[in-house]
Amino acid sequence: MKILYVLIIAILNITLCANTVLADLSKSVINVNDTKYDITINAEHESVNAILPNLHSYVYNSLDMNITSDKQYNGSLTLTLTKDAVANIFCITRSDLDNHHLKSGSGFNVLVDNNRENFTMSTTNNNIFLTFEIPKGSQNATIFNEFVGMAVSPLVYFKGIPQTGTYSSGQDVIFNGKLVDACGRHLGIEKVYFTAEQLNITKEVASDTKGKFSINFTIPANTEPGNYTSKIEMYQYDLAYPLSGVEALYLNVKTNNMNNIILESPLQQFKSGVFTQDVRCLDGYTLIIKTEDGSPACVTQQTAQILIERGWGHLS
């Protein structure tokens, strides 16, 4: 009888263990704007196969998860992220995150297999814990924020591109910039268009995987002095949440006529926006660039030679 009792207890323990799945604690690393963030995943009755950020500026941002859940038992999932990770992923400032979203819980939604699920949120000084139910047999889960009706434009900015500049007719110009969204996160490979209709200039270039791009063009020779309007733009409309942006650029073109330029000193030309190597000197004078600060000076050829020997400056 004693042996039978022991066998019954053993069978009951085996049965209980079979019906109880211990929580699976694991970690994942995601990359947002070249910054890596750790996510701790505490899963019960399921496993997370992959978790990826899905970023579309402040219009829509999400963490998309591919999961394998138990077909017989409902489970739950808890994600632990730092507050900096949440702010960067979901395009929320830290002040808004601390003072609004974490207090009200608004702005976040959870979908499991496209069905909305309730969630709970708790915090420490540095971390945020998001917990929600996983119905049995589920395959996908998404945590997202969606702001509707935000009329802030543009969604894309062209970081590093001067909105105004002074140039000379015939001058070669290079614009080096980076595509960033409204949250300051760089975009990837996109087409960038530059147009200056009055100068008959059109350019199309592609940014690299870090959003960097370069536009080269030449101010047409004999362009009349004046202010010319141009624009730089990027648009991607085939997305569920399109990204686009356009900025007006103003090109102040100055004449290359010597009679106009000699009225300004080399330093005045430089301060007005003329590139150092494009500063003009009177006949009989040589342009030299000061070694210390790169400022221009016009001196006689004999003086230029002396200054170069002393290391004061160099020719352009």
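The values are calculated or read from the model by the stated rules, or taken from the named source; none is laboratory data. Every value quoted in this text rests on a predicted model; they were computed, and no experiment measured them. All Cβ positions, glycine included, derive from the backbone under ideal geometry; neighbour counts span all protein chains shown.
May I ask you to list the residues in segment 83-96 that are without any contact (Cβ under 8 Å) to a residue 24 or more places away in the chain and out of contact with any Leu (no Cβ under 9 Å at 6 or more places or on another chain)? Full working, then the answer.
Of the residues in segment 83-96, the ones without any contact (Cβ under 8 Å) to a residue 24 or more places away in the chain are 87, 93-96.
The answer is T93, R94, S95, D96.
Got a sec? Which of F129, F119 is under 24 Å from Q72 (Cα atoms), at pLDDT 80 or above and surrounded by 12 or more Cβ atoms within 10 Å (Cβ to Cβ)? Let's see the steps before the verdict.
Values: F129 fails: under 24 Å from Q72 (Cα atoms).
Of the residues listed, the single one that is under 24 Å from Q72 (Cα atoms), at pLDDT 80 or above and surrounded by 12 or more Cβ atoms within 10 Å (Cβ to Cβ) is F119.
Give the residues of segment 218-246 that are among the hydrophobic types (A, V, I, L, M, F, W, C) and surrounded by 18 or more Cβ atoms within 10 Å (Cβ to Cβ), sorted by residue number.
Start the filter on segment 218-246 by keeping residues that are among the hydrophobic types (A, V, I, L, M, F, W, C), which leaves 219, 221, 232, 234, 239-240, 243, 246.
Of everything in segment 218-246, those that are among the hydrophobic types (A, V, I, L, M, F, W, C) and surrounded by 18 or more Cβ atoms within 10 Å (Cβ to Cβ) turn out to be I219, I232, M234, L243.
Restricting attention to segment 83-99, and to residues there that are within 19 Å of S122 (Cβ to Cβ) and part of a loop (DSSP other than H, G, I, E, B), which single residue is modelled with the highest pLDDT?
At the first step, the residues of segment 83-99 found to be within 19 Å of S122 (Cβ to Cβ) are 83-87, 89-90, 92, 94, 96-99.
Among the residues that remain, those that are also part of a loop (DSSP other than H, G, I, E, B) are: 90, 92.
Details: F90: 85, I92: 78.
Once the filter is applied, the top-ranked residue is F90.
Of these, D38, D70, which one is in the same structural domain as L130 (by TED's automatic domain parsing) and within 20 Å of the chain's Cα centre (by Cα)? Step through it out loud before you land on a result.
On the way: D70 fails: within 20 Å of the chain's Cα centre (by Cα).
Exactly one of D38, D70 is in the same structural domain as L130 (by TED's automatic domain parsing) and within 20 Å of the chain's Cα centre (by Cα), namely D38.
For segment 7-82, which strands (runs of 3 or more DSSP E) that fit wholly inside it have 1 or more residues that are at pLDDT below 90, in contact with a Leu (Cβ under 8 Å, 6 or more places away or on another chain) and not hydroxyl-bearing (S, T, Y)?
Values: elements: 24-32, 35-44, 46-56, 60-69, 75-82.
It comes to 24-32, 46-56, 60-69.
Does G211 qualify as being within 27 Å of T93 (Cβ to Cβ), at pLDDT 90 or above and among the small types (G, A, S)?
Details: within 27 Å of T93 (Cβ to Cβ): yes; at pLDDT 90 or above: yes; among the small types (G, A, S): yes.
Judged against the criteria, G211 is a match.
If a residue has to be of a type in the set (D, E, K, R) and in a strand (DSSP E or B) to count, how many in segment 123-140 make the cut?
Initial filter on segment 123-140 (of a type in the set (D, E, K, R)): 133, 136.
Imposing the further condition that a residue be in a strand (DSSP E or B) reduces the set to 133.
Residues in segment 123-140 being of a type in the set (D, E, K, R) and in a strand (DSSP E or B): 1 in total.
For every residue, the table says whether it meets (1) modelled with pLDDT of 90 or more; (2) over 30 Å from V86 (Cβ atoms); (3) polar (S, T, N, Q).
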position: K159; (1), (2), (3): yes, no, no
position: T166; (1), (2), (3): yes, yes, yes
position: L187; (1), (2), (3): no, no, no
position: N252; (1), (2), (3): yes, yes, yes
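Give the residue that is modelled with the lowest pLDDT, with candidates limited to residues of segment 258-280 that are closer than 13 Å to Y167 by Cα and polar (S, T, N, Q).
S272
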